[in-house]
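The values are calculated or read from the model by the stated rules, or taken from the named source; none is laboratory data. Small disclaimer: the values here were computed from a predicted structure and weren't measured. Methodologically, a virtual Cβ is constructed for each residue, glycine included, from the backbone with ideal geometry; neighbour enumeration extends over all protein chains shown.
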Amino acid sequence: MDYVLYEQKDAIGIITINREKALNALNSQVLDELNEAFDAVDLNTVRCLILTGAGEKSFVAGADIGEMSTLTKAEGESFGKKGNDVFRKIETFPIPVIAAINGFALGGGCEISMSCDIRICSENAMFGQPEVGLGITPGFGGTQRLARLVGAGMAKQLIYTARNIKADEAYRIGLVNDVIKATVDEAGNITVSAKDNLMAAAEKMAGTIAKNAPIAVRNCKKAINDGLEADMDKAIVIEEKLFGDCFETEDQKAGMGNFLKKKDDPTKVKVVDFKNC
Ligand code: DAK
């Protein structure tokens with residue numbers, strides 16, 4: 001693939017959008033390759049994914065404005081569908097996806113981060129939905145996911161004003177879960193970049209998720225996603241079914257067995273090696 005890199009570290013998969021010269025803007029080829037990369041993830045061995053962008057400056061600076069500028073109505077619709085299909089694939093992907101946002105997350109960049117389960121960003125990150133300044137609406141789910149994440153009032157303000165916000169404000173409104181800073185020595189020199197610290201934080205979080213019972217983690221993702229689309233009576237039934245689904249798995253027996261063993265004797269096995277079955 002030209003624009004998407006994939007690396008697996010133990011049970012963590014890292015997908016990197018690698019079009020640094022264009023600040024990782026999403027053209028059709030990037031979207032096709034992202035689709036392929038997600039399809040190729042080995043779900044038997046990978047338990048958590050990280051999605052990031054190449055370089056220190058930009059996660060994704062949006063959909064490719066050059067490519068979009070000449071689209072007809074029909075082509076615009078099909079470009080929107082291509083993006084929406086990939087973003088929905090990420091959102092409903094069986095295992096959690098953490099967006100590690102290193103710099104600009106504008107337009108389609110903000111939107112792809114919102115299709116991930118969790119967002120953490122570097123201190124130089126910048127978020128925004130600048131589309132109305134370009135004469136279009138957010139087309140990769142921004143009007144829908146931003147309102148669900150930060151509330152309708154804040155989403156409307158950001159989308160109507162097309163104002164970009166910095167990492168701290170994104171944290172304050174709940175768009176990101178954490179902001180990761182560079183490490184600076186006493187003289188004020190950067191010893192570890194914000195990007196490197198961001199990736200370390202993302203991998204640490206992914207590692208923690210990967211150690212938990214995989215079937216349970218997958219079912220939690222599905223319960224939260226599907227439940228948010230339903231009213232509470234139906235949502236509770238969704239949870240009941242996914243809860244019931246965990247029983248009779250080896251992981252449930254191992255997890256609960258470990259707790260009961262520890263109760264008798266705290267020196268007994270502390271870390272459960274969940275087998276994903
Ligand atoms: N598309 C294409 N190329 C881009 C790009 C983008 N979104 N953003 C940056 N680049 C390219 C620049 O053209 C430049 O390329 P060269 O000129 O070197 O060849 C290179 O990346 C470096 O950018 P700059 O020179 O501009 O770098 P600066 O540091 O000066 O500025 C910037 C960084 C992020 C502030 C600036 O590049 C910028 O404002 N970029 C555009 C950000 C933006 O407006 N993004 C939102 C795009 S709109 C829909 C489907 C999808 C969408 C909407 C509808 N439907 C089908 C309905 C989604 C829309 C969007 O995402």
In segment 40-55, is there at least one residue being part of a loop (DSSP other than H, G, I, E, B), within 21 Å of ALA206 (Cα to Cα), within 12 Å of the ligand (Cβ to nearest atom) and of a type outside the set (A, V, I, L, M)? yes
LYS21 being within 10 Å of the ligand (Cβ to nearest atom), over 20 Å from PRO138 (Cα atoms) and loosely packed, with under 15 Cβ neighbours inside 10 Å: yes
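Among PHE38, PHE59, PHE79, which is the only one that is of a type outside the set (D, E, K, R) and within 20 Å of ALA125 (Cβ to Cβ)?
Going through PHE38, PHE59, PHE79 in turn, just one is of a type outside the set (D, E, K, R) and within 20 Å of ALA125 (Cβ to Cβ): PHE59.
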List pairs: first in segment 179-191 and among the charged types (D, E, K, R), second at pLDDT 95 or above, Cβ under 9 Å, 6+ apart or cross-chain? LYS181/SER122; LYS181/GLU123; LYS181/ALA194; LYS181/ASN197; ASP185/THR191
Show the residue pairs meeting these rules: Cβ distance below 7 Å; 6+ apart or different chains; first residue within segment 115-142 and free of Cβ contacts under 8 Å to residues at least 24 places away in the same chain; second residue more than 8 Å from the ligand (Cβ to nearest atom) and not in a loop (DSSP other than H, G, I, E, B). THR137/THR143
Can you name the condition, by its number, that ALA230 falls short on among (1) within 29 Å of LYS89 (Cβ to Cβ); (2) buried (at least 16 other Cβ atoms within 10 Å of the Cβ); (3) among the aliphatic types (A, V, I, L, M)? (2)
Reported set for segment 147-167 where residues are outside any loop (DSSP other than H, G, I, E, B) and touching a residue at least 12 places away in the same chain (Cβ under 8 Å) is ARG148, LEU149, VAL150, MET154, ALA155, LEU158, ILE159, TYR160, ILE165, LYS166, ALA167
Of all residues in segment 1-50, how many are β-branched (Val, Ile, Thr) and within 22 Å of ALA105 (Cα to Cα)? 7
May I ask you to list pairs of residues, at least six apart or on different chains, whose Cβ atoms are under 6 Å apart, with the first in segment 93-106 being under 23 Å from ASN44 (Cα atoms) and the second being within 13 Å of the ligand (Cβ to nearest atom) and outside any strand (DSSP E or B)? ALA99/SER113
Specify which of the listed residues (VAL41, VAL60) is in contact with a Gly (Cβ under 7 Å, 6 or more places away or on another chain), hydrophobic (A, V, I, L, M, F, W, C), without any contact (Cβ under 8 Å) to a residue 60 or more places away in the chain and surrounded by fewer than 23 Cβ atoms within 10 Å (Cβ to Cβ). VAL41
Before we move on, is PHE59 aromatic (Phe, Trp, Tyr), within 14 Å of the ligand (Cβ to nearest atom) and farther than 26 Å from ILE165 by Cα? no
